[in-house]
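Working notes, structure below.
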Amino acid sequence: MKRLTTAEKILRAAHKLFDREGGEAVTMRRVAELVGITPMAIYRHFPNREALLKRIADDSFQSVADSWQEHDGRAGVIERLCATQMLYLDYALAHPHLFDHAFSVRRDDARQFPGDFRARRSPTLNVVADTLAEGMREGVLRKDDPWDVAMTFWAHTHGLIALYRAGRFSYDEEQFRAFYRASIGRLLDGIRI
């Protein structure tokens with residue numbers, strides 16, 4: 001088994017703390033305590049708390065993108081688009097603090113549409129836009145701007161998740177998942193040929 005570097009230990013501890021208790025719980029002192037180092041030692045690896053939180057958010061984006069790419073090529077375009085959004089829901093419900101920080105909280109370093117996305121700076125939306133573009137080339141989906149459609153798709157599913165987490169549905173999780181899946185189907189029916 002590979003021995004973790006101090007930076008990796010710091011990230012792992014901060015990530016676990018963030019996942020359990022939220023961003024406010026991630027202080028240099030608490031992370032250092034978990035790792036078994038002094039708080040000042042963290043600054044050798046991360047210049048400040050914001051850099052540590054940014055790295056956690058970036059890792060969250062990459063984790064989601066990696067899980068989406070695992071489905072790449074195994075099924076048709078429609079199935080892959082549905083799978084990405086079901087995995088997005090799984091991530092949101094399993095890791096609400098990380099999800100909020102990565103996808104719902106205003107941050108100075110957050111990617112902005114359209115520039116950052118069209119420049120392929122979003123590991124998550126790249127997967128969706130590429131799959132949509134593939135579907136448009138194959139004649140499965142109506143021709144359109146893949147990035148605009150990807151953002152519409154993301155806004156739709158993200159909005160449903162935000163409403164569910166805010167208590168705007170009377171459904172239990174199983175009922176919400178069924179509604180969410182059907183809603184994705186309705187959206188896809190609107191762009192399918």
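Details
- If the chain linking Leu93 and Glu24 were pulled fully straight, counting 0.36 nm for each residue of separation and taking away their Cα-Cα distance, it would gain 22.9 nm.
- Distant-in-sequence amide H partners of Leu141 (H built 1.01 Å from N, under 5 Å): Met136, Ile193
- Gln112-Glu33 pseudo-label distance in nm [points 7 Å out on the Cα-to-Cβ vector]: 3.9 nm
- Taken along the Cα-to-beta-carbon direction at a fixed 7 Å, the label points for Arg192 and Tyr43 span 5.8 nm.
- Loop-located trypsin sites (Lys or Arg not before Pro) in segment 9-56 (DSSP state not H, G, I, E or B) with no more than 14 neighbouring Cβ atoms inside 10 Å: Arg44.
- DSSP H segments from the chain that extend 20 Å or more along their own axis, Cα-based, with Kyte-Doolittle mean of -1.0 or above: 6-21, 49-69, 77-94, 123-137, 146-165, 173-191
- Projected label distance in nm at Arg120 and Glu70, using a 7 Å step from Cα toward the beta-carbon: 2.4 nm
- Potential lengthening between Ser170 and Val105 on full extension [0.36 nm per residue; Cα-Cα distance subtracted]: 20.9 nm
- The chain pair-distance distribution - Cα-Cα, 10 Å bins, rounded %: 8, 32, 32, 19, 8, 1
- Charge dipole of segment 67-193 about the Cα centre (unit charges at C-beta), most positive-ward option of Phe103, Thr152, Gly135: Thr152
- Rounded to the nearest 20 debye, the dipole size of the chain about its Cα centre is 480 debye, using +1 on the Cβ of Lys and Arg and -1 on the Cβ of Asp and Glu.
- If you plug the beta carbon distance of Arg3 and Ser183 into 1/(1 + (r/R0)^6) with R0 = 41 Å, you get a FRET efficiency near 0.35.
- Summed over the residues of the chain and divided among them, the accessible surface reaches 56 Å² per residue at a probe radius of 1.4 Å.
- Selected from Gln62, Gln175, Gln85 as most flexible by GNM, with the chain as the system and alpha-carbon contacts under 10 Å: Gln175
- Loop chymotrypsin sites (Phe, Trp or Tyr not before Pro), segment 10-115, which have at most 15 other Cβ atoms in a 10 Å radius of their Cβ (DSSP): Tyr43
- For segment 71-170, the relative contact order works out to 26 percent when only alpha carbon pairs closer than 8 Å and six or more residues apart are counted.
- Spatially, segment 24-64 and segment 105-162 are offset by 29 Å when compared through their Cα centroids.
- Within the chain, longest stretch free of exposed GluC sites (Glu not before Pro) [DSSP loop, at most 14 other beta carbons within 10 Å]: 1-69
- Cβ-based charge dipole, the chain, positive-most Cα from Gly115, Tyr180, Thr5: Thr5
- Look at the alpha carbon pairs under 8 Å that are at least 6 residues apart: their mean separation over the length of the chain gives a relative contact order of 19 percent.
- Share of carbon and sulfur in the accessible heavy-atom surface of the chain [1.4 Å probe, %]: 50 percent
The values are calculated or read from the model by the stated rules, or taken from the named source; none is laboratory data. In this text, all values refer to a predicted model and were calculated from it rather than measured experimentally. Neighbour counts run over all protein chains shown; Cβ positions are idealised from the backbone, glycine included. All accessible areas refer to the heavy atoms of the entire protein, side chains included, with ligands and DNA or RNA removed. Shrake-Rupley method; radii C 1.70, N 1.55, O 1.52, S 1.80 Å.
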